[in-house]
Amino acid sequence: MPLERKARRLQAIAVGLVLASIVVAYVFTLGSLPFVGKILRYLLFLPIVMAALWFGWRGGLVAALAATALYLPADHSEDAVVEAVDLFLIGSIMGILADRERRKRILLQQTTRELSLAYQQLQDSTESLRRAARLSATGQLAASLAHEIRTPLASIEGAAEMLDGEVPADLRSEMTGILRKESRRLSRLLAGLLNYAKPQPPDFRDSDVREILSGMVALATPSARQSQVELRFAPPAAAIPLYCDGEQLTQVFLNLTMNAIQAMPTGGAVEYTIETLANAVRIRVADTGPGIPPDKLGRIFDPFVTSKPDGTGLGLAVSAQIVAAHRGQITVNSREPHGAEFVVELPVRQENHS
């Protein structure tokens, strides 16, 4: 506030100096240079407007009163009297307009402060909701993990109890097989959970989509042959460049392919198609299996959602994370009971890479 008072004092001094200078010049030129005097009389509007803008209608009236008190004693002409009335009118009108503008400015500043406070409160509320959502997701993940671990642990415990005594050789072999199977299941579950909970950032490199899919098809071919599933992929003649992490995308398409193969135990086909867009590449993975049940379609990318008895339900969740890290999107179309189609769309170049 001291700075504001000092500024207003300087403004008042400036108005006084300008007014005094004009009046003194007007009085000295009144008789000798009437034309110059008339111009100077008109210039009296300047300090009055200044006072009105800075101090409102009161300042305008005070400046007009001071101007008339200073120059009217030296000039009693009719024009001078009329000019005095004009000075009061201009001072009042300009002051009223200035006061109105000042009130609007104060209201705008107050509104701006209130909006800033409301925005900060909204940011705090949003962050609280995010923390609550993370805690809720963590709780759901923990509950799902406990549920998934309970089944193999029960099998392991039952097999161990049966082995804790004299058992026939064939039963012993069956129980040790159960132990190995459920241990591997737990290992897969924990490995998938680690990939989901702590994903590795992509190692972006210039790649060719054809090579990624061709390598993935080679990896999945042995499992496809065992289930009598045909993998149909005809690589385009020209290279399809993509700035990506080739290993992570191989994992994505391998997850999609293995899900499709396991959904067709009596045979079928998986077809891969590539579409090149203006700034993106779209890869479709379509199978001829039974499709995805409607009750699982909306949660297909959530962790631990699976229709396979020995599945972990983490493959698609990890795949969705990898695609999101590539700033892309993955969607699914179910044509139950005639198959499912996964669509992966990826930008050709990342924003931070020219």
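Would a scan of the stretch 209-223 turn up a residue that is touching a helix residue (DSSP H, G or I) at 6+ places or on another chain (Cβ under 7 Å), closer than 19 Å to Q329 by Cα and surrounded by 16 or more Cβ atoms within 10 Å (Cβ to Cβ)? Before the answer, list the steps.
Restricting attention to the stretch 209-223, the residues satisfying the condition of being touching a helix residue (DSSP H, G or I) at 6+ places or on another chain (Cβ under 7 Å) are 212-213, 215-216, 219-220, 223.
With the extra rule that they be closer than 19 Å to Q329 by Cα, the set shrinks to 212-213.
The next check asks that each one be surrounded by 16 or more Cβ atoms within 10 Å (Cβ to Cβ); those that pass are 212-213.
Within the stretch 209-223 (the criterion being touching a helix residue (DSSP H, G or I) at 6+ places or on another chain (Cβ under 7 Å), closer than 19 Å to Q329 by Cα and surrounded by 16 or more Cβ atoms within 10 Å (Cβ to Cβ)), the answer is yes, since at least one residue qualifies.
Within the stretch 213-230, restricting attention to residues that are touching a residue at least 24 places away in the same chain (Cβ under 8 Å) and not small (G, A, S), which residue is farthest from L242 (Cα to Cα)?
Q228
Given (1) outside any loop (DSSP other than H, G, I, E, B); (2) within 21 Å of F342 (Cα to Cα), identify the lone condition not met by L190.
Unmet condition: (2).
Looking at the structure I just gave you, is T138 surrounded by 10 or more Cβ atoms within 10 Å (Cβ to Cβ), modelled with pLDDT under 70, touching a Lys or Arg at 6+ places or on another chain (Cβ under 9 Å) and not assigned by TED's automatic domain parsing to the domain that holds A317?
Judged against the criteria, T138 is not a match.
Select from the stretch 9-34 the residues that are assigned to a helix (DSSP H, G or I), modelled with pLDDT under 70 and touching a helix residue (DSSP H, G or I) at 6+ places or on another chain (Cβ under 9 Å) and list them in ascending order.
Matches in the stretch 9-34: none.
Return yes when M94 is in contact with a helix residue (DSSP H, G or I) (Cβ under 8 Å, 6 or more places away or on another chain) and either at pLDDT below 80 or surrounded by fewer than 17 Cβ atoms within 10 Å (Cβ to Cβ) (or both) and no when it is not.
yes
The values are calculated or read from the model by the stated rules, or taken from the named source; none is laboratory data. As the structure is a prediction and not an experimental result, all values here were calculated from the model. Positions of Cβ are backbone-derived with ideal geometry, glycine not excepted, and every protein chain shown enters the neighbour counts.
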